[in-house]
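This report refers to the structure that appears directly beneath it.
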Amino acid sequence: MNSLHDSPFLAACRSEPHQHTPVWFMRQAGRSLPEYREIRGEGSILDAIKNADLSTEITLQPVRRYNTDAAILYSDIMVPLHALGFGIEIQPGVGPVVENPFRSVSDLNRLRPLEPDRDTPYVLETIHQLVEELTVPLIGFAGAPFTLASYLIEGAPSRTYTRTKALMLEDPELWNSLMNHLVEIVISSLNSQISAGVSAIQLFDSWAGALSPSAYERFVLPHSKKIFLAVKDSGIPTIHFGVGTGEILSLMASAGSSVMGVDWKTPLDVARNRLGSEIALQGNLDPAICFASEHAVSTEVLNILEKNDNHPGHIFNLGHGVLPETNPQVLERIVEQVHSYPLELTERK
Ligand code: CP3
């Protein structure tokens with residue numbers, strides 16, 4: 001058992017008492033930090049992350065600046081698929097773009113099994129470096145099969161997911177094959193990150209909230225379940241996250257993670273009523289609120305902490321990623337406020 005086992009972040013993931021409410025921010029690495037823009041250089045993030053020294057530094061920057069309770073690896077959900085040669089680029093300000101989107105059964109050949117040591121050695125090297133340097137837990141991650149499939153099929157960020165939803169309904173067999181291929185790739189990627197030393201993993205099903213509960217249950221849940229099952233033996237905490245997931249929150253939780261990400265549209269007390277008190281929650285400040293006055297931000301932060309009602313399983317976070325224009329000072333103040341909030345439960349410890 002390493003020394004981070006009792007850190008506030010990992011204890012909260014296990015819903016065990018700890019010293020203060022842990023906090024980190026999705027998309028804390030990169031984007032809003034001036035020190036990031038200074039060292040990032042030009043070109044695609046998919047090339048930048050091949051430089052392990054650079055990725056290590058970018059991962060450390062927000063931990064130093066904000067004093068967060070966890071670090072998240074500087075990488076991207078598209079990295080494994082890019083490494084397999086699927087023909088993916090990430091266009092600045094746009095997101096992932098696929099030159100030849102997934103269309104038919106022959107495209108399955110373009111999704112061979114991932115061999116992390118050969119295909120993404122730089123990710124593992126970055127993790128090795130970070131584990132040496134960090135005094136807080138490192139979160140590894142992957143895109144969930146549905147969110148990855150949506151990029152492969154749509155070919156670009158989408159608001160409607162029309163092609164993705166059409167494929168599910170018209171050709172469930174091909175959909176299942178695609179998901180099975182992605183499940184294997186995600187499991188290989190996550191297990192390699194776990195072996196390299198990450199302390200927790202987050203599965204980003206960012207766009208799952210676009211699905212109806214019945215579509216989620218039929219076309220996505222069985223696949224995401226396999227992923228949580230495959231990493232269970234490692235014993236490390238798992239976080240499951242999506243945006244706009246209020247109506248499918250209990251279905252997502254049934255995939256088997258130890259922590260459920262909650263966006264700002266579902267208050268934490270409502271989420272707990274839906275999920276029970278066994279599972280920990282992560283969230284859920286609206287990222288847009290970081291642009292309101294200092295007083296308004298601190299009122300909203302307090303509101304979230306109070307809605308948690310001293311449950312030991314709460315990790316403070318935004319309900320989605322840090323917006324690029326966010327003033328870093330606002331995030332600094334949020335961390336201070338969350339850390340100084342008195343936890344009745346831990347005081348009793
Ligand atoms: O959280 C972190 O800061 C750690 C690193 C991280 C990145 N992407 C770096 C990145 C993580 C965890 C991700 C996950 C990711 N990538 C998700 C799931 C999380 C979420 O926000 O819902 C998704 C959907 C992607 C796909 C993706 N990659 C998008 C939509 C974009 C934005 C494009 C843009 O420029 O606005 C990216 C690019 C990206 N990934 C950047 C960073 C820091 C910005 C571009 C860059 O630095 O070159």
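The values are calculated or read from the model by the stated rules, or taken from the named source; none is laboratory data. Quick caveat: nothing in here was measured; it's all calculated off a predicted structure. We place every Cβ from the backbone using ideal geometry, glycine too, and count neighbours over all the protein chains shown.
Looking across segment 315-339, the residues that are aliphatic (A, V, I, L, M) and either surrounded by 20 or more Cβ atoms within 10 Å (Cβ to Cβ) or closer than 12 Å to Asp69 by Cβ (or both) come down to Ile315, Leu318, Val322, Leu331, Ile334, Val335, Val338. Are any of the residues in segment 137-156 more than 23 Å from Ala230 (Cα to Cα) and of a type in the set (Gly, Ala, Ser)? For segment 137-156, residues more than 23 Å from Ala230 (Cα to Cα) and of a type in the set (Gly, Ala, Ser): present. Contact map, segment 14-40: residues that are closer than 13 Å to His314 by Cβ paired with residues that are modelled with pLDDT under 95 and part of a helix (DSSP H, G or I), Cβ distance under 7 Å, separation 6+ or inter-chain. Pairs shown: Pro17/Leu345; Pro17/Thr346; His18/Thr346.
Let's see how each residue does on (1) among the polar types (S, T, N, Q); (2) under 30 Å from Pro172 (Cβ atoms); (3) in contact with a Pro (Cβ under 7 Å, 6 or more places away or on another chain):
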| position | (1), (2), (3) |
| --- | --- |
| Glu42 | no, no, no |
| Ile45 | no, no, no |
| Thr56 | yes, no, no |
| Ile77 | no, yes, no |
| Ala83 | no, yes, no |
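Identify, please: which residue in segment 182-201 is polar (S, T, N, Q) and surrounded by fewer than 24 Cβ atoms within 10 Å (Cβ to Cβ) and is, among those, farthest from Thr126 (Cα to Cα)? Of everything passing the filter in segment 182-201, Ser188 is farthest from Thr126 (Cα to Cα). Any residue at all in segment 32-40 that's near the ligand (Cβ under 8 Å from one of its atoms) and part of a loop (DSSP other than H, G, I, E, B)? No: segment 32-40 contains no residue that is near the ligand (Cβ under 8 Å from one of its atoms) and part of a loop (DSSP other than H, G, I, E, B). Being surrounded by fewer than 21 Cβ atoms within 10 Å (Cβ to Cβ), under 24 Å from Ile139 (Cα atoms), within 12 Å of the ligand (Cβ to nearest atom) and among the small types (Gly, Ala, Ser), is that true of even one residue in segment 65-88? So far as segment 65-88 goes, no, none of its residues is surrounded by fewer than 21 Cβ atoms within 10 Å (Cβ to Cβ), under 24 Å from Ile139 (Cα atoms), within 12 Å of the ligand (Cβ to nearest atom) and among the small types (Gly, Ala, Ser). Can you find a residue that is in contact with a Lys or Arg (Cβ under 7 Å, 6 or more places away or on another chain) and within 23 Å of Ile315 (Cβ to Cβ) anywhere in segment 199-214? Within segment 199-214 (the criterion being in contact with a Lys or Arg (Cβ under 7 Å, 6 or more places away or on another chain) and within 23 Å of Ile315 (Cβ to Cβ)), the answer is no, since none of the residues qualifies. Only one of the listed residues (Leu178, Leu169) is buried (at least 22 other Cβ atoms within 10 Å of the Cβ) and either outside any strand (DSSP E or B) or within 16 Å of the ligand (Cβ to nearest atom) (or both). That residue is Leu178. Being crowded, with 20+ Cβ neighbours inside 10 Å and part of a helix (DSSP H, G or I) holds for only one residue in Leu46, Leu4, Leu10, and it is Leu10.
Failed condition for Ala271, given (1) among the small types (Gly, Ala, Ser); (2) part of a helix (DSSP H, G or I); (3) within 16 Å of the ligand (Cβ to nearest atom); (4) buried (at least 17 other Cβ atoms within 10 Å of the Cβ), with all others met? Unmet for Ala271, out of (1) among the small types (Gly, Ala, Ser); (2) part of a helix (DSSP H, G or I); (3) within 16 Å of the ligand (Cβ to nearest atom); (4) buried (at least 17 other Cβ atoms within 10 Å of the Cβ): (3).
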